[in-house]
Amino acid sequence: MNITIVGTGYVGLVTGTTLAELGNSVYCVDIDEKKVEGMKNGIVPIYEPNLEEMFLRNIQSERLFFTTNLKEALDKSEVVYLALPTPPGEDGSADLSYVLKVANDIGEMMTDYKVVVNKSTVPVGTADRVRETISSKTTIDFDVVSNPEFLREGFAVEDSMNPARVVVGSSSEKAKDIMAKIYQPFTNTGIPIIFMDEKSSELTKYAANSFLAVKITFMNEIANYCEKVGADVDKVRLGMGSDDRIGHRFLFPGIGYGGSCFPKDVKALIKSGKDDHFDFQILQATEKVNISQKIILVSEIEKYFGGNIKGKKIAMWGLAFKANTDDIREASSLDNIALLLEKGAEIIAYDLIAEENVKKLLGDKISYANTMYDALEGTDALFIATEWPEFKNPNFDLMAKKMRNKAIFDGRNMFPLEVPQQKGFFYKSIGRKT
Ligand code: UGA
């Protein structure tokens with residue numbers, strides 16, 4: 001099948017590459033000429049493990065193309081995926097201007113039947129708005145379907161080639177058949193495709209992300225309570241997660257959830273609820289708890305240093321919002337850096353993958369080290385903000401030599417409790433004994 005993808009951000013690029021890998025001819029459209037030129041020359045504009053190989057393979061096989069010309073791509077395709085940004089506005093609602101602008105262009109440019117697929121995370125009712133926008137520009141037959149994306153950053157290739165399910169919201173039988181054909185390589189291997197109406201599909205995406213945000217936040221509160229009563233959250237987590245109604249995943253406590261999805265989607269669902277006179281109490285609580293959870297270790301650091309951290313030199317391991325990505329959107333590291341700087345601390349950070357993005361944002365407000373051990377030179381404490389695998393089994397003796405004071409504040413529970421303690425470190429993690 002010939003498919004156009006409009007928008008080559010994270011979701012668009014991964015979707016386009018995956019659909020090419022499944023044997024389709026895919027035309028990726030973006031307004032950014034420099035980016036398109038780069039992609040034509042094999043440059044992957046995002047960091048994502050294993051993506052480059054698949055991307056290059058499909059360019060070489062002439063199944064993956066890039067252009068700035070929407071009309072040219074549209075003329076070749078029966079199916080058009082919209083993978084455009086929906087940034088949160090001031091009030092938390094998703095800004096649909098990019099989506100609706102392209103819908104308008106499609107209406108003006110199309111010359112035959114199209115299935116327009118909303119891949120971006122969009123509020124309930126967006127398929128109807130896209131339909132109205134296109135209808136206002138054309139009398140040619142078309143359908144709009146909702147097909148939310150569930151992949152995780154850092155595991156995009158794995159998730160997109162082996163999704164837990166494909167959700168398609170469509171009220172048209174013709175569009176349903178076309179979507180079933182696109183995803184047949186998945187359904188053939190037993191991956192379910194779940195058809196529903198457009199609104200239910202749109203809400204499924206928000207409900208899934210919000211539920212996971214609630215699950216993490218619930219565990220963060222249990223962790224905080226563990227500290228109060230002297231319980232160990234690692235044990236509680238294992239005990240709870242073994243019940244397969246609960247499951248082990250997304251039960252890891254830490255310094256809150258970040259990234260481009262959970263914070264934005266929780267906010268957007270609260271706002272949609274408000275617009276419909278519906279009060280999402282559990283999501284409001286989740287958002288509030290997460291904001292304080294992100295910076296929960298700063299007060300611990302202050303307490304440790306007797307209330308004053310002015311002039312303290314703190315190493316930060318990890319800047320990305322989670323491991324295996326260079327993404328720093330809503331990263332807990334940033335909230336902690338801002339607060340620690342405000343309180344007069346000095347920060348030396350290490351994160352080879354996300355460093356460039358933080359430099360663009362913070363410049364020389366903090367300094368950067370080339371290795372995790374260099375970051376520790378002469379520091380009073382280590383703060384771990386991201387669970388990069390290289391931090392899992394460090395050389396504690398070398399760390400002790402480099403640091404001028406042996407204190408670790410671990411926002412990601414990287415080590416068994418006793419390991420740093422046996423090496424003489426003060427070790428504060430989340431939901432475990434100090
Ligand atoms: C999330 C969802 O997991 C994807 O299914 C969804 O498609 C995506 O959002 C999206 O809407 O595009 P992502 O933001 O890439 O994916 O990252 P996650 O792996 O879900 O992690 C989100 C945040 O939760 C991170 O800050 C992570 O550190 C935190 N987290 C995750 C925890 O604190 N504890 C956990 O047990 C799991």
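Go through THR126, THR121, THR111 for me and flag whichever is among the hydroxyl-bearing types (Ser, Thr, Tyr) and closer than 28 Å to ASP326 by Cβ.
Answer to the check: THR121.
Go through (1) crowded, with 18+ Cβ neighbours inside 10 Å; (2) within 16 Å of the ligand (Cβ to nearest atom); (3) not aliphatic (A, V, I, L, M) and name the single condition PHE142 misses.
Here PHE142 meets the rest and fails (2).
Looking at the stretch 149-194, which of its residues are within 14 Å of the ligand (Cβ to nearest atom) and part of a loop (DSSP other than H, G, I, E, B)? Talk me through it step by step, then tell me what you get.
First, pick out the residues of the stretch 149-194 that are within 14 Å of the ligand (Cβ to nearest atom): 149-160, 162-167.
Matches in the stretch 149-194: GLU149, PHE150, LEU151, ARG152, GLU153, GLY154, PHE155, ASN162, PRO163, ALA164, ARG165.
Among the numbered criteria (1) within 13 Å of the ligand (Cβ to nearest atom); (2) without any contact (Cβ under 8 Å) to a residue 24 or more places away in the chain, which single criterion is violated by GLU330?
Here GLU330 meets the rest and fails (2).
Got a sec? Which of VAL36, VAL44, VAL29 is crowded, with 16+ Cβ neighbours inside 10 Å, of a type outside the set (Asp, Glu), assigned by TED's automatic domain parsing to the domain that holds ARG57 and in contact (Cβ under 8 Å) with a residue 40 or more places away in the chain? First the steps, then the outcome.
Numbers: VAL36 fails: in contact (Cβ under 8 Å) with a residue 40 or more places away in the chain; VAL44 fails: in contact (Cβ under 8 Å) with a residue 40 or more places away in the chain.
Just one listed residue meets the conditions, VAL29.
Just need a number here: residues in the stretch 63-104 that are assigned to a helix (DSSP H, G or I), touching a helix residue (DSSP H, G or I) at 6+ places or on another chain (Cβ under 6 Å) and not aliphatic (A, V, I, L, M).
Adding up the residues that qualify gives 2.
Give the residue, chosen from PHE218, PHE211, that is out of contact with any helix residue (DSSP H, G or I) (no Cβ under 9 Å at 6 or more places or on another chain) and not basic (Lys, Arg). Step through it out loud before you land on a result.
Values: PHE218 fails: out of contact with any helix residue (DSSP H, G or I) (no Cβ under 9 Å at 6 or more places or on another chain).
Answer to the check: PHE211.
Specify the residue that is surrounded by the fewest Cβ atoms within 10 Å (Cβ to Cβ); the eligible residues are those in the stretch 271-302 that are under 23 Å from ASP95 (Cα atoms) and of a type in the set (Gly, Ala, Ser).
This residue is GLY273.
Could you check the stretch 125-139 and list, in sequence order, the residues that are crowded, with 20+ Cβ neighbours inside 10 Å and either out of contact with any Gly (no Cβ under 9 Å at 6 or more places or on another chain) or under 19 Å from THR111 (Cα atoms) (or both)? Let's see the steps before the verdict.
Taking the stretch 125-139 first, the residues crowded, with 20+ Cβ neighbours inside 10 Å are 126-127, 130, 133-134.
If the condition is that a residue be crowded, with 20+ Cβ neighbours inside 10 Å and either out of contact with any Gly (no Cβ under 9 Å at 6 or more places or on another chain) or under 19 Å from THR111 (Cα atoms) (or both), then THR126, VAL130, THR133, ILE134 are the ones that fit.
Report, by residue number, each residue of the stretch 195-242 that is assigned to a loop (DSSP other than H, G, I, E, B) and more than 16 Å from the ligand (Cβ to nearest atom). Walk me through how you get there before you give the answer.
Looking only at the stretch 195-242, we keep the residues that are assigned to a loop (DSSP other than H, G, I, E, B), and these are 197, 230-232, 242.
Within the stretch 195-242, ASP197, GLY230, ALA231, ASP232 qualify.
Any idea which residue in the stretch 96-140 is modelled with the lowest pLDDT, counting only those that are hydrophobic (A, V, I, L, M, F, W, C), closer than 12 Å to PRO85 by Cα and touching a strand residue (DSSP E or B) at 6+ places or on another chain (Cβ under 7 Å)?
Initially, the stretch 96-140 is screened for residues hydrophobic (A, V, I, L, M, F, W, C), giving 96, 99-100, 102-103, 106, 109-110, 115-117, 122, 124, 127, 130, 134, 140.
If we keep only those that are closer than 12 Å to PRO85 by Cα as well, we get 96, 99-100, 102, 122.
Checking the rest, the ones that are also touching a strand residue (DSSP E or B) at 6+ places or on another chain (Cβ under 7 Å) come to 99, 102, 122.
Numbers: VAL99: 96, VAL102: 98, VAL122: 93.
Checking each candidate, the answer is VAL122.
Please list, ordered by residue number, the helices (runs of 4 or more DSSP H) wholly in the stretch 333-434 having 3 or more residues that are charged (D, E, K, R) and touching a Pro at 6+ places or on another chain (Cβ under 8 Å).
Details: elements: 355-362, 396-402, 418-422.
By residue number, no helices (runs of 4 or more DSSP H) qualify.
Residues are listed down the side, and each one gets a yes or a no for (1) touching a helix residue (DSSP H, G or I) at 6+ places or on another chain (Cβ under 9 Å); (2) buried (at least 18 other Cβ atoms within 10 Å of the Cβ); (3) not assigned by TED's automatic domain parsing to the domain that holds TRP317:
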position: LEU398; (1), (2), (3): yes, no, no
position: ASN405; (1), (2), (3): no, no, no
position: GLY411; (1), (2), (3): yes, yes, no
position: GLU418; (1), (2), (3): no, no, no
position: GLN422; (1), (2), (3): yes, no, no
position: LYS433; (1), (2), (3): yes, no, yes
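What number of residues in the stretch 234-279 are in contact (Cβ under 8 Å) with a residue 40 or more places away in the chain, within 25 Å of GLU149 (Cα to Cα) and among the hydrophobic types (A, V, I, L, M, F, W, C)?
Going through the stretch 234-279 one residue at a time, the tally reaches 7.
Identify the residue in the stretch 245-267 that is within 21 Å of LEU203 (Cα to Cα) and charged (D, E, K, R) and, among all such residues, is farthest from the ligand (Cβ to nearest atom).
Of the residues in the stretch 245-267, the ones within 21 Å of LEU203 (Cα to Cα) are 250, 257-267.
Keeping just the survivors that are charged (D, E, K, R) gives 264-265, 267.
Values: LYS264: 8, ASP265: 6, LYS267: 13 Å.
Of everything passing the filter in the stretch 245-267, LYS267 is farthest from the ligand (Cβ to nearest atom).
Which condition number in (1) in contact with a Leu (Cβ under 8 Å, 6 or more places away or on another chain); (2) exposed (fewer than 13 other Cβ atoms within 10 Å of the Cβ) is the one that LYS235 fails?
(1)
What are the residues in the stretch 105-114 that are out of contact with any Ser or Thr (no Cβ under 8 Å at 6 or more places or on another chain) and outside any helix (DSSP H, G or I), if any?
Narrowing the stretch 105-114 to residues out of contact with any Ser or Thr (no Cβ under 8 Å at 6 or more places or on another chain): 105-106, 109, 111-113.
Passing the criteria: THR111, ASP112, TYR113.
The values are calculated or read from the model by the stated rules, or taken from the named source; none is laboratory data. No experiment lies behind these values; they were computed from the predicted model shown. Note: ideal-geometry Cβ built from the backbone for every residue, glycine included; neighbour counts use all protein chains shown.
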